[in-house]
Amino acid sequence: MTDSVKTVEQQTVEAVKQPVNAWRRAIDAAGAVVETPWRRYRAAVFLTYLIGAVVAFIILAVLAKTVAYFTFDVTITRALQTYHAGWFDAVMNTLTWIGFGPQAWVITLIILLFLYASGLKWETIVASTSVVGSSALGLGLKVLIDRPRPSADLVTVINQLKDYSFPSGHVLFYSTFFGFMLFLAYTLLKPAWWRMVLLILLIGMIALIGPSRIYVGQHWASDVIAAYLLGSVWLALSIVIYRRGKPRIFVNQPVAKETPVSAKPSS
C-alpha cells in the first residue's frame, strides 16, 4: 500500500514537473531571459531609482513644509498658462475633472468591477488596495506638510481649492491606479491594435495629468513632481506585491492563472 502511494505521488510530481520544465526549456531556447549579470544590473538600476525617488521626495517635502512655493514653480505655471489652444485647454480641464470626486470614484469602481467580472480576482484586490492606500497616504501627507494652494495673486487660478497642495492628489491617483492598469494591459493583453490604443491612452493620461494641474492653477510644479516620485515608488511596491502574491494567491482564478510557487523550478 505504501509503495502504491509513493508511486502515485511520484507520478503527480512528474506530471507537474513536465509542463514546468517544458516551459523553462522554451524560454531558454527563445533567449527571452537575459543573462545573470544583466539581471543584476537591471535590478540595481531599478533599486537605485527607487532609493533616489524616495530621497528626492523627502527633500521636496521638507522644503515644501517651510516654503510656500519656489521661483521655478511660478515660472513654469506662467509659461504653461500662456498656451491657449482650444484642444489643449479641453484636454487639461478634462483630465483635471476626471480626478475629482465623485467621477473619480465612479470610474475607479467601474474598472475594478470590470476586472473582477473578467476573472482577474488578484488583480482586483491589488488594484483596489493600492488606490485606497495611495489616497490615504496622499491625504495624510497633505495635512502633515500643510502647504497652501497657488495664489491668484501670482498665477491664474481657475477654481480656488481650500485644502492643502503638497503632493498633488490627482497625480498620485493617476500614477498609481492608472499606472497599475497600464502594467496589467502591457503584461496580460495579447498584441492587438486596441491594446496599443489603450496603452497610449493610459500613458498620455498619466503624463498629462501633472501639466493639467499646473495649467488650472491648483498645484505648483513641485507638488506635481513630488506626486510623480511618490506615485512611482508606490506603483513599484504594488507591482512587487502583485508578482510575489500571484503564485501564492488565486492561482486558479478564471483568467491569467499562475503556476503555484511550490511547482516552480528553483532558480
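The values are calculated or read from the model by the stated rules, or taken from the named source; none is laboratory data. Just so it is clear, the model here is predicted, and its values are computed rather than measured. Methodologically, a virtual Cβ is constructed for each residue, glycine included, from the backbone with ideal geometry; neighbour enumeration extends over all protein chains shown.
Conditions (1) more than 18 Å from A127 (Cβ to Cβ); (2) in contact (Cβ under 8 Å) with a residue 12 or more places away in the chain; (3) of a type in the set (D, E, K, R); (4) exposed (fewer than 14 other Cβ atoms within 10 Å of the Cβ), marked per residue:
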position	(1), (2), (3), (4)
R149	yes, yes, yes, no
L154	yes, yes, no, no
N159	yes, yes, no, yes
S165	yes, yes, no, no
G169	no, yes, no, no
F177	no, yes, no, no
M181	no, yes, no, no
L184	no, yes, no, no
M196	yes, no, no, yes
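Note on segment 56-84: residues that are loosely packed, with under 11 Cβ neighbours inside 10 Å and in contact with a helix residue (DSSP H, G or I) (Cβ under 7 Å, 6 or more places away or on another chain) total 0. When the residues of segment 215-267 are filtered to those that are part of a helix (DSSP H, G or I), among the aliphatic types (A, V, I, L, M) and touching a Phe, Trp or Tyr at 6+ places or on another chain (Cβ under 7 Å), the one that is modelled with the lowest pLDDT is I239. When we screen A90, A104 for residues that are of a type outside the set (S, T, N, Q), over 23 Å from L235 (Cβ atoms) and assigned to a helix (DSSP H, G or I), the only hit is A90. Which ones in segment 85-109 are loosely packed, with under 15 Cβ neighbours inside 10 Å and either among the aromatic types (F, W, Y) or more than 23 Å from S168 (Cα to Cα) (or both)? The answer is A85, G86, W87, W97, F100, W105. Are any residues in segment 124-172 polar (S, T, N, Q) and more than 13 Å from the chain's Cα centre (by Cα), and if so, which ones? Within segment 124-172, T124, S151, T156, N159, Q160, S165, S168 meet the criteria. Of the residues I214, I225, I145, the single one that is of a type in the set (A, V, I, L, M) and surrounded by 23 or more Cβ atoms within 10 Å (Cβ to Cβ) is I214.
Checking L137, L115 one by one, the residue that is assigned to a helix (DSSP H, G or I), in contact with an Asp or Glu (Cβ under 7 Å, 6 or more places away or on another chain) and under 20 Å from V240 (Cβ atoms) is L115 and no other. Looking at (1) touching a helix residue (DSSP H, G or I) at 6+ places or on another chain (Cβ under 9 Å); (2) more than 25 Å from P150 (Cα to Cα), find the lone condition where W105 falls short. Status for W105: all satisfied but (1).
So that you can scan it fast, the table gives a plain yes or no per residue for (1) under 14 Å from Y242 (Cβ atoms); (2) part of a helix (DSSP H, G or I):
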residue	(1), (2)
V126	yes, yes
K142	no, yes
L161	no, no
F183	yes, yes
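Scanning segment 61-82 for residues that are closer than 19 Å to Y215 by Cβ and in contact (Cβ under 8 Å) with a residue 40 or more places away in the chain yields Y69, F70, F72, D73, V74, I76, T77, R78, L80, Q81.
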